[in-house]
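Peer 1: My structure is below; once you've seen it, I'll send some questions.
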Amino acid sequence: MANIGLAFVNPAPLTKPAYVINFAKKCEAMGVHSMWTIDRVAYDNLDSLTILAAAAGATQRIRIGTSVLLPGLRHPALLAKSIATLDFVSNGRVTIGVGFGSRENDFSAVEIPFDGRGSRAVECVQLMKRLWSEDNVTHKGRFYNVQNLTIGPRPIQKQIPIFTGGSAEAALKRAGTWANGFICGSSAIPEFSVTWEKVAGYARTAGRNPNEIEKAGLTFMAINDDQAKALEILNAYVTRYYGRLRADVANTSLVGPPAAVTERIEAFLSRGLDTLIIGLADPDPRQLDLFGEQVLPRLK
């Protein structure tokens, strides 16, 4: 079966301090593949890398990752050090999904131009890869300049997997050209094969084997025996996070009783995904128990 990952997406006012550690421990205990989290600045979520550091200390086996991190908001030297430290303390369990940014307020909050954000993020990733593997790095680019820079620690992994997301043609081209994985958005999962063929085409043009790029999808979940209540909860989360409802939430997310959620997960996995990342849109911590007790066993 494909890998199942769970994403901690609750905004800070809807959670409690103990939830993060409990979430990580339960993910590992129930045997899921990975734990993920979101990354924003102008939003009241918990900081992504801090959450994952806490999760790393509470677990031994599961992978931990961002879906997605916005590298363009941070200087690559600082971000490279933070991610390398996270990989070090987790003993090599980190996957970094990166995004290019769709909300201008995240950029204005840290006084970084919104224009050119995609190119900025790509240059940041390229420089981080050098800083993780080389000494005395000198880089003179469009956005960043470093001179004779060596940082530590080295990551445990020889190559930290970098996944990309996005639906724009430029984002698909980046995924095919240099990413280790591609994260498809929830609304695009039903037609994943069409999107993937574009990514695979760019990979082949770049001389890469598309089969070496991991295929992932991100969706959101609200388990409730009352289908209408589940949809209400999910709509509230999506509206709070995105500022509006996006696409057909009822048909592109996991909502309703456990059996219905299980059926939808299996339908998504049948699209050819290697990993399905499921964001828990309902802040009730019992959602995790319901998933572990009534959904995950049905998938095995």
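Peer 1: Working carefully through the options Thr138, Thr95, find the one that is closer than 29 Å to Glu212 by Cβ, polar (S, T, N, Q) and not in a helix (DSSP H, G or I).
Peer 2: Just a single option satisfies the conditions, and that option is Thr95.
Peer 1: I'm trying to understand the selection: among the residues of the range 171-185, which are small (Gly, Ala, Ser) and in contact with a helix residue (DSSP H, G or I) (Cβ under 6 Å, 6 or more places away or on another chain)? Spell out how you get there, then give the answer.
Peer 2: Going residue by residue through the range 171-185, those that are small (Gly, Ala, Ser) are 171, 175-176, 179, 181, 185.
Residues satisfying the conditions are Ala175, Gly176.
Peer 1: Restricting to the range 275-296, give me the number of residues that are out of contact with any helix residue (DSSP H, G or I) (no Cβ under 9 Å at 6 or more places or on another chain), part of a helix (DSSP H, G or I) and either free of Cβ contacts under 8 Å to residues at least 40 places away in the same chain or of a type in the set (Ser, Thr, Tyr) (or both).
Peer 2: So the count comes out to 1.
Peer 1: Has the range 80-99 got at least one residue that is under 24 Å from Ala168 (Cβ atoms), over 15 Å from the mean Cα position of the chain (by Cα) and in contact (Cβ under 8 Å) with a residue 60 or more places away in the chain?
Peer 2: So far as the range 80-99 goes, no, none of its residues is under 24 Å from Ala168 (Cβ atoms), over 15 Å from the mean Cα position of the chain (by Cα) and in contact (Cβ under 8 Å) with a residue 60 or more places away in the chain.
Peer 1: Report whether or not Gly185 is within 17 Å of Leu269 (Cα to Cα), surrounded by fewer than 22 Cβ atoms within 10 Å (Cβ to Cβ) and within 20 Å of the chain's Cα centre (by Cα).
Peer 2: Spelling it out, Gly185 is indeed within 17 Å of Leu269 (Cα to Cα), surrounded by fewer than 22 Cβ atoms within 10 Å (Cβ to Cβ) and within 20 Å of the chain's Cα centre (by Cα).
Peer 1: Answer with yes or no whether Gly272 is more than 25 Å from Asn22 (Cα to Cα), outside any helix (DSSP H, G or I) and not hydrophobic (A, V, I, L, M, F, W, C).
Peer 2: Details: more than 25 Å from Asn22 (Cα to Cα): yes; outside any helix (DSSP H, G or I): yes; not hydrophobic (A, V, I, L, M, F, W, C): yes.
Taking the combined requirement at face value, the residue satisfies it.
Peer 1: Can you say whether Phe182 is within 23 Å of Gly5 (Cα to Cα) and modelled with pLDDT of 95 or more, as far as the supplied structure shows? Can you show your working first?
Peer 2: On the way: within 23 Å of Gly5 (Cα to Cα): yes; modelled with pLDDT of 95 or more: yes.
Considered against the rule, which asks whether it is within 23 Å of Gly5 (Cα to Cα) and modelled with pLDDT of 95 or more, Phe182 comes out as yes.
Peer 1: Could you tell me which of the residues Phe100, Phe143, Phe107 is touching a Gly at 6+ places or on another chain (Cβ under 7 Å), within 15 Å of His75 (Cα to Cα) and either assigned to a loop (DSSP other than H, G, I, E, B) or modelled with pLDDT under 95 (or both)?
Peer 2: Matching residue, one of Phe100, Phe143, Phe107: Phe100.
Peer 1: What do you reckon, is Glu134 without any contact (Cβ under 8 Å) to a residue 60 or more places away in the chain, on the phi > 0 side of the Ramachandran plot, surrounded by fewer than 21 Cβ atoms within 10 Å (Cβ to Cβ) and of a type in the set (D, E, K, R)?
Peer 2: no
Peer 1: Given the condition surrounded by 17 or more Cβ atoms within 10 Å (Cβ to Cβ), among the hydroxyl-bearing types (Ser, Thr, Tyr) and assigned to a strand (DSSP E or B), answer yes or no: does some residue in the range 197-212 qualify?
Peer 2: No, there is no match, as no residue in the range 197-212 is surrounded by 17 or more Cβ atoms within 10 Å (Cβ to Cβ), among the hydroxyl-bearing types (Ser, Thr, Tyr) and assigned to a strand (DSSP E or B).
Peer 1: When you scan the range 61-72, do you find a residue that is in a helix (DSSP H, G or I) and closer than 19 Å to Ala109 by Cβ, even just one? Let's see the steps before the verdict.
Peer 2: Looking only at the range 61-72, we keep the residues that are in a helix (DSSP H, G or I), and these are 71-72.
From the residues that got through so far, the ones that are closer than 19 Å to Ala109 by Cβ too are 71-72.
For the range 61-72, residues in a helix (DSSP H, G or I) and closer than 19 Å to Ala109 by Cβ: present.
Peer 1: Still on this model: Taking the range 239-261 on its own, how many of its residues are surrounded by fewer than 19 Cβ atoms within 10 Å (Cβ to Cβ) and either at pLDDT below 95 or hydroxyl-bearing (Ser, Thr, Tyr) (or both)?
Peer 2: 12
The values are calculated or read from the model by the stated rules, or taken from the named source; none is laboratory data. This one's a predicted model, so the numbers in the text were calculated from it and none came from an experiment. Methodologically, a virtual Cβ is constructed for each residue, glycine included, from the backbone with ideal geometry; neighbour enumeration extends over all protein chains shown.
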